[in-house]
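Only one structure is covered here, and it is reproduced in the block below.
The values are calculated or read from the model by the stated rules, or taken from the named source; none is laboratory data. All figures in this text were calculated on a predicted structure; none of them were measured in a lab. Don't worry about glycine lacking a Cβ; one is built from the backbone with ideal geometry, like all the others, and counts go over all protein chains shown. In case anyone asks, the SASA skips ligands and DNA or RNA and just uses the protein heavy atoms, side chains included. Shrake-Rupley method; radii C 1.70, N 1.55, O 1.52, S 1.80 Å.
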Amino acid sequence: MTAHSDQRALHEEPTSFIGRERELSELREFVRTARALTLCGTGGIGKSRLAVRMLATLSGEFPDGVWFVELGDLQPDLVVSHVASALGVVEEPGRPMLETLAAALAPRRLLLALDNCEHVIDAAARLCQRLLASSPGLRVIATSREPLRVAAEVAYQVPPLSVPPRGVVTLAELSGYEAVRLFADRAAAVVPGFAIRPGDVAAVATLCRALDGVPLAIELAAAWARVLSVAQIAARLADSFQLLTAADAAAPPRQRTLRATIDWSYELLTSRERLMLRRLSVFAGWSLDMAEEVCAGDDLPADDVLDLVAALVDKSLVVVEPEVLGQARYRLLDTIREYAAERLAEAGEAAAAHRRLRDYSLREVEHAMAVGMGIIAAPWSARVNVFRRYDVDAGNALQVLSRCLADRDVETGLRMCTAIRPCWIVRGSFAEGAEWFDEFLAIDAPRLAAGVRGPALVGRAQLALSTDPAGARQWAEEGLALCRAAGSEFWVASALNLLAEVALHTGRTDEAALRADEALSLARESGDGWNEGYALGSLAAAAGRRGSLREAQELADASIGVMRGIDQQWGAARALLGLGDLARLRGDPDSARERYLQALVILREIDSRPEIARCLAGLARLALDQGALAPARRHLAESLRLSQSTGSRISVARGIEAFAALAAGEGRPDRAVQLVAAGATLREAARLPPLSGAKTEQYLAAARDLGEPAIQRLWASGSGMTTESAVALALDESGPALDESGPALDGAGPARPPAAAASRPVTAAALPAGLTPRERQIVGLIVTGRSNKAIAAELFISPATVARHVANILAKLGFSSRSQVAAWASEGSYPGSISAESVSRSLRRARS
Ligand SMILES: Nc1ncnc2c1ncn2[C@@H]1O[C@H](COP(=O)(O)OP(=O)(O)OP(=O)(O)O)[C@@H](O)[C@H]1O
Ligand SMILES: [Mg+2]
């Protein structure tokens with residue numbers, strides 16, 4: 001996979017990067033030898049910029065990418081989930097996030113930069129320690145005002161830029177110093193054609209020395225070149241430095257210089273520019289619209305905001321970032337932001353400014369949710385933008401959440417969480433979302449309205465759906481009662497839909513249908529398309545589980561119709577996925593493929609990673625059913641890599657097992673055995689239910705020619721594999737040769753079923769004679785007691801064709817009646833195929 005990172009590192013650097021050649025080559029050496037490197041130094045010395053630069057130059061050396069994660073605004077206890085979510089690693093049932101993250105990173109060779117660790121130094125240190133211990137291919141670069149103090153850390157003091165010593169007299173000499181080059185470059189940015197003239201040599205040299213070569217200070221000074229001469233800048237700064245207070249004098253010299261430079265720059269601003277700068281300190285990053293909404297007021301008309309921001313950009317106090325969704329973005333450098341926040345507090349304006357950001361953010365996220373969930377009419381493109389916008393503005397939202405937590409403002413906190421939840425789900429940030437919900441839900445708030453707590457509990461339940469169904473059920477039930485009390489139809493329907501999904505996840509099909517039915521009628525009454533479409537999708541899944549394929553098909557079509565009617569393509573994609581599965585089951589590969597592909601386009605648009613992996617797995621199984629091995633491999637590989645990158649062990653196990661089926665198809669039965677065994681080990685380690693005996697047998701069927709001792713050896717070698725080596729084996733594309741140490745194929749002799757194929761799951765039962773996928777489907781339907789006519793209706797084929805298939809099945813299995821087939825299948829020897837997953841589930845239910 002190619003390199004990834006958080007926005008900032010991926011961007012082109014907004015201004016030119018000056019010098020640091022020696023530092024960069026030293027640091028490159030350190031990264032090769034030391035596993036943890038901390039760039040230390042005072043604010044504005046250039047730590048973050050150097051880290052970003054290193055990532056860019058080193059990205060080629062890390063096959064699993066370079067990642068830049070900012071920790072600046074975080075609460076210490078959210079560091080782990082934030083890093084996990086930045087790396088796309090999702091929570092797993094019953095497993096601490098740190099363990100999941102460590103396991104996901106264990107096999108990877110990647111470079112992780114953690115920016116601004118000083119605020120969360122202990123949490124960052126613990127995280128590094130843990131990850132480095134289990135990931136030999138991991139390198140960490142931290143930036144921090146102080147070292148992390150973890151084992152194996154190299155703390156690197158970032159030096160100031162080089163400055164000319166006294167006595168430098170010529171222009172040529174001057175330009176050899178980094179500080180001078182930075183000054184000239186930044187001055188040229190505000191005064192086109194700016195060049196240092198021979199007469200300015202002394203002033204520039206003095207200035208750079210006075211500023212101690214601190215890049216931020218130099219940038220701030222250079223910004224004034226538009227209105228002041230170099231000599232004036234130098235003189236005024238010198239005056240201002242003399243005014244340093246005693247308190248300032250106690251600080252380390254470079255910090256003092258910077259502080260004085262910022263003070264100086266601030267004092268030169270107009271009073272409205274100062275007001276603007278102070279208010280902007282509430283943002284982690286902003287667009288013009290946001291600044292107008294949050295910072296304007298009686299004392300500062302919204303119409304003036306653009307000019308004021310532009311003025312601050314000119315003075316290097318505000319950084320312009322690449323545009324997002326057609327809007328320019330801005331941010332304050334950390335040091336400037338801290339300074340401005342201090343000034344905001346001194347002016348007694350902090351509480352009001354934060355309240356405005358809070359109110360604005362709440363309005364925005366609630367509106368975004370209404371758009372995202374189709375509650376209000378909007379085109380699909382607007383819904384896609386909700387997720388993109390979240391990626392950019394999450395920093396502000398999280399900050400508001402932190403403040404609400406500190407102020408014990410449970411109502412706003414929970415409303416924000418409820419509104420952000422769809423984004424957490426699409427991005428797979430389940431753990432991060434769950435933690436926020438739990439923090440607020442734990443606060444005793446007796447006067448909290450049912451209309452706030454109810455939806456929040458439903459939201460909390462949804463985040464737990466795939467990790468903790470029992471908990472999800474409890475939260476959703478409690479949420480449902482509160483939503484009913486509050487009379488909120490949308491949320492009652494949402495809660496019912498969620499309960500239907502929980503029931504589907506836990507095999508309670510009838511309950512699922514009941515809940516979904518109630519959600520459906522409620523949603524229809526209130527004209528709520530999202531919940532109507534959702535309920536239809538769950539009803540389709542329930543019908544599929546019961547084996548009523550035709551009904552399932554009709555319901556899923558209806559779900560898509562409703563979702564498309566409100567232009568909610570995400571909902572349509574979910575139903576399309578279900579329809580793809582159904583079509584595969586019904587033996588209609590063409591329409592299955594079409595459905596999957598339609599869903600995939602939509603899912604990629606919003607980058608819904610867990611669902612993309614599912615969709616690709618469906619395409620792969622389809623290709624496998626048809627013996628199209630190359631496309632099967634391609635889809636499976638992408639799906640498995642995606643699952644591995646999110647750290648979900650259940651998906652990785654399923655992926656490895658699907659590769660076993662592929663290996664069998666590719667004529668590599670030895671590998672199939674190893675992979676099935678590796679999958680079994682992984683399931684055991686993750687406390688997941690084992691693969692059904694039937695499926696295990698099916699995957700191993702191809703290996704029976706190898707003979708029992710060989711199968712046993714292969715099984716042992718596969719079950720001893722680490723997940724990483726199993727994934728590597730699965731993805732390996734080399735030819736069908738057997739492992740050197742492995743057994744040899746014993747000639748081209750006749751097929752000979754082993755007496756006992758292997759010591760574990762493979763039972764002594766005769767491995768099934770080759771039933772075609774269609775025949776396997778029909779076996780599934782025979783077991784549910786259907787007549788030929790009913791089967792024909794399900795499969796959209798004629799009863800005569802069904803009769804012919806049934807005759808073939810009887811002949812192949814050596815039976816004389818359907819009831820023998822049903823009994824045989826129910827005993828567990830049924831070759832439930834990956835293409836008939838839901839049929840085999842309904843078999844299990846029919847048995848119980
Ligand atoms: N080598 C360089 N070339 C050009 N600009 C630089 C260089 N180093 C730093 N800068 C600029 O100086 C300013 C401060 O740098 P940076 O933000 O990296 O400092 P920092 O040490 O991370 O500060 P903080 O502790 O506040 O996070 C930024 O505007 C940055 O672009
Ligand atoms: Mg920094």
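Quick notes on this structure:
- Residue check, A84 away from ligand 1 (no atom under 16 Å from the Cβ), of a type outside the set (F, W, Y) and open to solvent by 20 Å² or more (accessible area, probe 1.4 Å): no
- Residue tally, condition open to solvent by less than 30 Å² (accessible area, probe 1.4 Å) and not β-branched (V, I, T), over region 119-136: 8
- The set of residues from region 332-356 being more than 16 Å from ligand 2 (Cβ to nearest atom) and of a type outside the set (G, A, S) comprises E342, R343, L344, E346, E349, H354, R355, R356.
- Scanning region 461-493 for residues that are open to solvent by less than 20 Å² (accessible area, probe 1.4 Å) and assigned to a helix (DSSP H, G or I) yields A461, L463, A464, G471, A472, A476, G479, L480, C483, V492, A493.
- Residue tally, condition assigned to a loop (DSSP other than H, G, I, E, B) and over 22 Å from V214 (Cα atoms), over region 108-166: 10
- Given (1) open to solvent by less than 10 Å² (accessible area, probe 1.4 Å); (2) farther than 24 Å from N385 by Cβ; (3) within 22 Å of the chain's Cα centre (by Cα), index of the condition L585 fails: (3)
- Across region 340-349, the qualifying residues are those that are in a helix (DSSP H, G or I) and either touching a residue at least 12 places away in the same chain (Cβ under 8 Å) or within 16 Å of ligand 1 (Cβ to nearest atom) (or both), and the one among them that is most open to solvent (accessible area, probe 1.4 Å) is E342.
- Close pairs (6 angstrom Cβ cut-off, 6 or more residues apart or separate chains): near ligand 1 (Cβ under 6 Å from one of its atoms) in region 46-60, assigned to a helix (DSSP H, G or I) anywhere: G46/P215
- Checked across region 119-134, the condition of being in contact with a helix residue (DSSP H, G or I) (Cβ under 9 Å, 6 or more places away or on another chain), at pLDDT 90 or above and within 16 Å of ligand 2 (Cβ to nearest atom) holds for at least one residue.
- Of everything in region 588-610 that is buried (at least 20 other Cβ atoms within 10 Å of the Cβ) and of a type in the set (S, T, Y), the residue that is nearest to L624 (Cα to Cα) is Y596.
- Test result for E99, part of a helix (DSSP H, G or I), within 16 Å of ligand 1 (Cβ to nearest atom) and among the acidic types (D, E): no
- Qualifying residue in region 95-109 (condition: acidic (D, E), touching a residue at least 24 places away in the same chain (Cβ under 8 Å) and either buried (at least 21 other Cβ atoms within 10 Å of the Cβ) or more than 16 Å from ligand 2 (Cβ to nearest atom) (or both)): no
- Pairs, first of a type in the set (S, T, N, Q) in region 388-414, second outside any helix (DSSP H, G or I) and open to solvent by 30 Å² or more (accessible area, probe 1.4 Å), C-beta under 8 Å, six or more apart: N396/A284; Q399/D73; Q399/A284; S402/D73; S402/Q75
- Residue in region 562-573 that is under 23 Å from A793 (Cβ atoms), in contact (Cβ under 8 Å) with a residue 40 or more places away in the chain, open to solvent by 10 Å² or more (accessible area, probe 1.4 Å) and in a helix (DSSP H, G or I) present: no
- Within region 410-449, the set of residues being charged (D, E, K, R), open to solvent by 30 Å² or more (accessible area, probe 1.4 Å) and either over 21 Å from R363 (Cα atoms) or in a loop (DSSP other than H, G, I, E, B) (or both) comprises R427, E435, D438, E439, D444, R447.
- From the options R49, R35, residue that is closer than 25 Å to V163 by Cβ and basic (K, R): R49
- Scan of region 42-55 for residues that are on the phi > 0 side of the Ramachandran plot and open to solvent by less than 10 Å² (accessible area, probe 1.4 Å), ordered by number: none
- For region 22-49, a residue qualifies if it is in contact with a Leu (Cβ under 6 Å, 6 or more places away or on another chain), in a helix (DSSP H, G or I) and within 16 Å of ligand 2 (Cβ to nearest atom), and exactly one does: K47.
- Scanning region 379-395 for residues that are more than 17 Å from the chain's Cα centre (by Cα) and surrounded by fewer than 18 Cβ atoms within 10 Å (Cβ to Cβ) gives P379, S381, A382.
- Any chance V458 is among the β-branched types (V, I, T) and touching a Ser or Thr at 6+ places or on another chain (Cβ under 7 Å): yes
- Unique match (being within 20 Å of E70 (Cα to Cα) and crowded, with 18+ Cβ neighbours inside 10 Å) among R358, R337: R337
- Just one of the listed residues (V384, V305) is in contact with a helix residue (DSSP H, G or I) (Cβ under 7 Å, 6 or more places away or on another chain) and either without any contact (Cβ under 8 Å) to a residue 24 or more places away in the chain or over 30 Å from Y266 (Cβ atoms) (or both), and it is V384.
- Residues of region 254-283 that are among the small types (G, A, S), without any contact (Cβ under 8 Å) to a residue 40 or more places away in the chain and open to solvent by less than 30 Å² (accessible area, probe 1.4 Å): A260 alone.
- Number of residues in region 324-334 that are surrounded by fewer than 19 Cβ atoms within 10 Å (Cβ to Cβ) and acidic (D, E): the value is 0.
- Subset of region 12-40 that is near ligand 1 (Cβ under 6 Å from one of its atoms) and touching a residue at least 60 places away in the same chain (Cβ under 8 Å) - its residue that is surrounded by the most Cβ atoms within 10 Å (Cβ to Cβ): R20
- Residue within region 158-174 that is surrounded by fewer than 17 Cβ atoms within 10 Å (Cβ to Cβ), under 26 Å from L110 (Cβ atoms) and within 16 Å of ligand 2 (Cβ to nearest atom) present: no
- When residues in region 56-77 are screened for being open to solvent by 50 Å² or more (accessible area, probe 1.4 Å) and either assigned to a strand (DSSP E or B) or closer than 23 Å to R20 by Cβ (or both), 5 of them pass.
- Region 448-480, residues that are more than 19 Å from R415 (Cβ to Cβ) and out of contact with any helix residue (DSSP H, G or I) (no Cβ under 6 Å at 6 or more places or on another chain): S466, T467, D468, A470, Q474, E477
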